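Q: The following block contains the structure, expressed as structure tokens.
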Amino acid sequence: MFKIVSKQKIAPKEFDMWVEAPRIAGHAKAGQFVVLRVNDMGERIPLTIADHDEEKGQIRLVFQVVGKTTAALSRLEPGEAILDISGPLGTPSEVEKYGTVLMVGGGVGIAALYPIIKALKQQGNKVITILGGRTSSLVVMKDECAKYSDELIVTTDDGSEGMKGVVTDAMKMVVERGEKVDRCWCIGPSIMMKFGTKAAKELGLPIWVSLNPLMVDGTGMCGCCRVTVDGKIFFACVDGPEFDGHKVNWDEFMSRMRQYKDEEKISMDKYIEEVGEETWL
Ligand code: FAD
Ligand code: FES
Ligand code: MG
């Protein structure tokens with residue numbers, strides 16, 4: 001059992017939890033994730049290790065409620081426990097001194113971007129971070145990302161904070177003002193990563209994305225997380241989750257993400273009926 005130490009709601013449907021998991025905290029690296037089961041009736045879901053504290057033996061999970069399992073997780077309180085958590089899983093991010101790195105994040109993808117920002121800054125890179133969302137309240141973890149960034153640019157679709165527009169507008173702005181970017185990461189909703197990659201191509205930038213396909217075991221055995229990159233098949237849980245965005249088959253990736261939509265909706269509707277109210281909104 002993995003005890004929840006703290007829980008905070010950081011945006012509508014978005015939660016930030018610290019959980020006791022000493023053995024995972026002792027080995028976690030930027031870019032890795034865990035697979036957890038909330039209870040013994042539950043499915044397994046992957047979540048990024050958004051941060052870890054080796055001394056306290058804790059890991060941090062930042063997640064958005066999108067269906068039954070994330071809703072069930074959001075209803076656990078400090079003092080209660082998650083049934084099982086395995087990790088750290090996945091290949092860590094390639095953290096080196098590149099020079100100037102452009103870090104682009106959106107939605108709950110910011111939670112996955114944050115540990116990479118932190119690690120790249122600690123390696124001595126100049127870090128320019130762009131965080132985007134529909135509206136100001138959905139752009140989370142701004143202060144923490146700013147702490148490890150030389151510059152933080154916020155974009156909002158509605159102009160409620162920072163630059164009015166989308167993250168790709170800010171990517172273009174940074175390059176057009178003459179910044180020499182050596183490497184770029186983009187983590188967020190699939191559509192954002194697809195268009196982030198398109199913008200990087202136009203701007204001549206290398207870009208890494210973190211793919212979040214359906215996963216079950218997280219250890220390369222079930223094949224559920226199959227993705228096509230550079231015309232070859234990879235398992236995102238062991239070969240990734242980070243890949244060269246320019247080589248990802250985005251259409252196949254996005255269509256595989258949607259394959260159980262109907263079943264997921266039925267499951268969520270039943271869960272809302274069972275618990276009586278949507279406490280996570
Ligand atoms: P459902 O209603 O079951 O599904 C809603 C949507 O979530 C699906 O359409 C599908 O796109 C996705 N999904 C469903 N089941 C899975 C599954 N087993 N594996 C992957 N995706 C699934 N989300 C966060 O909020 N924070 C994170 O830090 C985070 N990190 C991730 C890291 C990795 C490596 C991967 C692969 C995914 C990550 N996700 C993260 C996505 C998260 O796993 C899904 O949102 C979650 O599994 C949804 O489960 P559900 O039952 O609540 O929703
Ligand atoms: Fe089973 Fe990757 S999740 S092979
Ligand atoms: Mg589910």
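Q: Within 22 Å of Leu47 (Cβ to Cβ), free of Cβ contacts under 8 Å to residues at least 40 places away in the same chain and under 17 Å from the mean Cα position of the chain (by Cα): does that describe Val139?
A: yes
Q: Continuing with the same structure: Name the helices (runs of 4 or more DSSP H) wholly inside region 115-218 in which the number of residues that are surrounded by fewer than 20 Cβ atoms within 10 Å (Cβ to Cβ), modelled with pLDDT of 95 or more and basic (Lys, Arg) is 3 or more. Steps first, answer last, please.
A: On the way: elements: 142-147, 167-176, 190-203.
It comes to 190-203.
Q: Looking at this structure, is Arg60 over 23 Å from Val275 (Cα atoms), within 13 Å of the chain's Cα centre (by Cα) and of a type in the set (Lys, Arg)?
A: So Arg60 fits the description; yes.
Q: Determine whether Leu76 is of a type in the set (A, V, I, L, M) and either touching an Asp or Glu at 6+ places or on another chain (Cβ under 9 Å) or surrounded by 24 or more Cβ atoms within 10 Å (Cβ to Cβ) (or both). Break it down stepwise before answering.
A: On the way: of a type in the set (A, V, I, L, M): yes; either touching an Asp or Glu at 6+ places or on another chain (Cβ under 9 Å) or surrounded by 24 or more Cβ atoms within 10 Å (Cβ to Cβ) (or both): no.
The answer is no for Leu76.
Q: Same structure again: Please list, ordered by first then second residue, the pairs with beta carbon atoms under 7 Å, 6 or more apart or interchain, first in region 204-221 and within 7 Å of ligand 2 (Cβ to nearest atom), second in a loop (DSSP other than H, G, I, E, B).
A: Partner pairs satisfying both residue conditions: Met215/Cys224; Met215/Cys225; Val216/Arg44; Val216/Cys222; Val216/Cys224.
Q: Please count how many residues of region 79-114 are assigned to a loop (DSSP other than H, G, I, E, B), buried (at least 16 other Cβ atoms within 10 Å of the Cβ) and hydrophobic (A, V, I, L, M, F, W, C).
A: Adding up the residues that qualify gives 2.
Q: While we're looking at this one, here's another question. Provide a single number: the residues in region 11-49 that are more than 16 Å from ligand 2 (Cβ to nearest atom), of a type in the set (A, V, I, L, M), modelled with pLDDT of 95 or more and part of a strand (DSSP E or B).
A: 2
The values are calculated or read from the model by the stated rules, or taken from the named source; none is laboratory data. Just so it is clear, the structure is predicted and the values come from calculations on it, not from any experiment. Reconstructed Cβ throughout: ideal geometry from the backbone, glycine too, with neighbour counts over all protein chains shown.
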